[in-house]
Amino acid sequence: MGEPLKNFYGPDIPRRIGGMIAEAWPEFDKKAFVAAAIKGYEPLELKQRAQHIAKALHAHLPAEFPSAVDVLLASLGPVLEETESFGMAPFLYFPHIIFVAEHGLDHFEDSMRAQHALTQRFSAEFSIRSFLEKHPARTLARLREWTTDPSPHVRRLVSEGTRPRLPWAARLRDFMRDPTPVLALLELLKDDPELYVRRSVANNLNDIGKDHPAILTKVAKEWLRDATPEREWVVRHALRSAVKRGDAGALDAMGYGKTAKVEIGNVAITPKRAAMGGSVTIAFDVTNTSKQQQHVLVDFRIHFVKSNGKASAKVFKLNELDLAPRATASLSKKVSLKEMTTRKHYPGRHVVDVVINGKVHPLGEFSLRRP
């Protein structure tokens, strides 16, 4: 397992923030701020640490929110020039985002000004949600303006901040019920010149599809008409969860709606008795039994045993094949059985299936044992 994220967010973070604010506002009591921010810091997780620092900011910045925002913005470092591979560095501004969300709801313009600046250094996707809930019309109008902002970080905020099921954040239940306002924004961003933004658009649409699969299919088919390769990628990425679920509409939109005429052979699941921490290899052949070329989507599932003894299927993407008549393709994948933050392993019988164009074909099983 990887090192806990909080270890990358140590006591040096409030000290750095304090130093930056002190340079921008000489009246700032850096020593008192750092003492307050560090008190009780050690046992907290990353988000809790950011909240703790935000609380200290509120206690030591000017009492009036507009003045506090002026100080914060004056203390900021340069904007992010890149759109990928930031690491943990931008998390320096996580407390600033929390401060705006908790204390700026009655100061709309100052808060929008702050979030426009902050999202170019970290991301205001968490704080903007508070404004979408309290000031939905005004915030949606501002986000619409930001779809044409010169900064890709600001444009990405429009799609990422409106994701109904954004990780680490409270769900936007109004948009889960009716995603129409969000779809209007995504329509304006679907052909954004930055992959960074388009990926966020796809993730947002993927979220929407979890509550409204029919809407996802409808939008996907509309966007695929005369689509550029870039937009086609957006649609395919947006459909990924629906395809894993075997949603018929999503499979049809991607051209896999027809049941494939195939046979599965030469199945090998090795080892048959796998050890936790090791791996298992799934291999098999897919043969086109028809006289026509077939376009097939091949995934497989392992039904992992859970702590309660029940099983839950995990889908692994495998391949897309253009199979000539009577042609055979040999496929295999090695799956790690090491402990992960997203998946824990338990001993027992693990069933394996292959899924071709949404139809399940049993492959076999393996048993998992403790080392």
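Considering ALA184, ALA202, ALA169, the condition of being touching a Phe, Trp or Tyr at 6+ places or on another chain (Cβ under 6 Å), within 22 Å of THR119 (Cα to Cα) and in the same structural domain as PRO136 (by TED's automatic domain parsing) is satisfied by ALA169 alone.
Taking the numbered list (1) modelled with pLDDT under 95; (2) within 17 Å of the chain's Cα centre (by Cα) in turn, ALA89 passes all entries but (2).
A quick yes/no check of all residues on (1) assigned by TED's automatic domain parsing to the domain that holds VAL305; (2) surrounded by 15 or more Cβ atoms within 10 Å (Cβ to Cβ); (3) not in a strand (DSSP E or B):
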position	(1), (2), (3)
LEU321	yes, yes, no
ARG326	yes, no, yes
MET340	yes, no, yes
HIS345	yes, yes, yes
HIS350	yes, yes, no
ASP353	yes, yes, no
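For (1) in the same structural domain as ILE13 (by TED's automatic domain parsing); (2) in contact with a Lys or Arg (Cβ under 9 Å, 6 or more places away or on another chain); (3) touching a residue at least 12 places away in the same chain (Cβ under 8 Å); (4) surrounded by fewer than 19 Cβ atoms within 10 Å (Cβ to Cβ), each residue gets a yes or a no:
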site: MET88; (1), (2), (3), (4): yes, no, yes, yes
site: PRO95; (1), (2), (3), (4): yes, yes, yes, no
site: GLU102; (1), (2), (3), (4): yes, yes, yes, yes
site: HIS107; (1), (2), (3), (4): yes, no, yes, yes
site: SER111; (1), (2), (3), (4): yes, no, yes, no
site: PHE122; (1), (2), (3), (4): yes, no, yes, no
site: GLU125; (1), (2), (3), (4): yes, yes, yes, no
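Remark: pairs (first residue in the stretch 37-62, surrounded by fewer than 16 Cβ atoms within 10 Å (Cβ to Cβ); second residue at pLDDT below 95; Cβ separation under 6 Å; 6+ apart in sequence or on different chains) = GLU45/LYS6. When the stretch 246-288 is examined, which residues are found to be in a strand (DSSP E or B) and over 18 Å from VAL354 (Cβ atoms)? ARG273, ALA274, ALA275, SER279 - these are the residues of the stretch 246-288 that are in a strand (DSSP E or B) and over 18 Å from VAL354 (Cβ atoms). When the criteria are applied in full, LYS291 meets the requirement of being in a loop (DSSP other than H, G, I, E, B) and either over 22 Å from LYS244 (Cα atoms) or without any contact (Cβ under 8 Å) to a residue 24 or more places away in the chain (or both). ASP226 falls short on exactly one of the conditions (1) more than 17 Å from the chain's Cα centre (by Cα); (2) assigned to a helix (DSSP H, G or I); (3) charged (D, E, K, R), and that condition is (2).
Residue check: GLU222 meets all listed conditions (1) free of Cβ contacts under 8 Å to residues at least 24 places away in the same chain; (2) within 21 Å of PRO167 (Cβ to Cβ) but one, namely (2). Filtering the stretch 1-18 to residues that are of a type outside the set (Lys, Arg), assigned to a helix (DSSP H, G or I) and over 18 Å from PRO62 (Cβ atoms) leaves LEU5, ASN7, PHE8, ASP12, ILE13, PRO14.
For the stretch 241-266, a residue qualifies if it is touching a strand residue (DSSP E or B) at 6+ places or on another chain (Cβ under 9 Å), surrounded by fewer than 20 Cβ atoms within 10 Å (Cβ to Cβ) and either polar (S, T, N, Q) or closer than 14 Å to THR287 by Cα (or both), and the qualifying residues are THR259, LYS261, GLU263, ILE264, GLY265, ASN266. Set side by side, the residues ARG129, ARG163, ARG199, ARG155 differ, and just one is crowded, with 17+ Cβ neighbours inside 10 Å, under 27 Å from LYS244 (Cβ atoms), touching an Asp or Glu at 6+ places or on another chain (Cβ under 8 Å) and of a type in the set (Lys, Arg), which is ARG163. The set of residues in the stretch 164-216 being small (Gly, Ala, Ser) and at pLDDT below 95 consists of ALA169, ALA170.
So in the stretch 240-267, with the set limited to residues that are among the hydrophobic types (A, V, I, L, M, F, W, C) and modelled with pLDDT under 95, which one is farthest from SER200 (Cα to Cα)? That would be ALA260. Out of (1) touching a Ser or Thr at 6+ places or on another chain (Cβ under 6 Å); (2) surrounded by 15 or more Cβ atoms within 10 Å (Cβ to Cβ), the odd one out for VAL296 is which? Unmet condition: (1). Is it fair to say LEU80 is within 28 Å of the chain's Cα centre (by Cα), modelled with pLDDT of 95 or more and either closer than 30 Å to ALA141 by Cβ or part of a loop (DSSP other than H, G, I, E, B) (or both)? Spelling it out, it is not the case that LEU80 is within 28 Å of the chain's Cα centre (by Cα), modelled with pLDDT of 95 or more and either closer than 30 Å to ALA141 by Cβ or part of a loop (DSSP other than H, G, I, E, B) (or both).
The values are calculated or read from the model by the stated rules, or taken from the named source; none is laboratory data. All figures in this text were calculated on a predicted structure; none of them were measured in a lab. Counting neighbours? That spans all protein chains shown, and the Cβs are built from the backbone with ideal geometry, glycine included.
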